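These notes are about the structure you will find just below.
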Amino acid sequence: MWLKAADLGSNKAHYHLGNKYLGSGVRSDADGEKARYHFELSAIRGHEDARFWLGKVQKFVGKLDRTFKHFMISASAGHDPSLNEIKDGYKLGHVTKEEFAKALRAHKVSVDEGRSDERTKAKEQLAVENAPMTNEKAVRLMAKIEKLGNITK
């Protein structure tokens, strides 16, 4: 199914195929190459998680310059795990102070752009709707269900 969707141009399908081939670890060079291929196609189309995993694959094969370029791009889109990888790369000396600062600024701009009053209200409403049910609320709900049961009899 993912292969057909990928053939039809689905960005998410390429991402899922990359994950499928990566699995719990690269089992062969062919699987690693297929994972890289699908992550690359998805990343080109703007999938930040795919870009992140493409960086991870490049890191696995030792291409650190490409690794951190991928992390920089996805961190610029607000991807937190990529920013953490850049921070780790800075600590290990693979990323310069200027590159790290640039990534931090770009990440902040992206995150700030994604904020709005409407999004905040929607998140709050979603949190309320998905909040655990209290005993009192459960008792009221059960009473309503019982009334409905009596109506249908």
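Descriptive notes on the structure:
- Residue in the range 48-65 that is touching a Phe, Trp or Tyr at 6+ places or on another chain (Cβ under 8 Å), assigned by TED's automatic domain parsing to the domain that holds G23, of a type in the set (D, E, K, R) and surrounded by fewer than 22 Cβ atoms within 10 Å (Cβ to Cβ) present: yes
- Sole exception among (1) surrounded by fewer than 23 Cβ atoms within 10 Å (Cβ to Cβ); (2) over 24 Å from G114 (Cβ atoms) for D80, by number: (2)
- Any hit, the range 90-101, residues being out of contact with any Pro (no Cβ under 7 Å at 6 or more places or on another chain), of a type in the set (F, W, Y) and either in a loop (DSSP other than H, G, I, E, B) or under 22 Å from L41 (Cα atoms) (or both): no
- All helices (runs of 4 or more DSSP H) inside the range 1-79 with 1 or more residues being touching a Ser or Thr at 6+ places or on another chain (Cβ under 7 Å) and within 23 Å of T96 (Cβ to Cβ): 48-60, 64-76
- Matching residues in the range 46-85 - criterion: being among the polar types (S, T, N, Q) and touching a residue at least 12 places away in the same chain (Cβ under 8 Å): Q58, T67, S74, S76, S82
The values are calculated or read from the model by the stated rules, or taken from the named source; none is laboratory data. Predicted, not measured: the structure shown is a model, and the values here were computed from it. Note: ideal-geometry Cβ built from the backbone for every residue, glycine included; neighbour counts use all protein chains shown.
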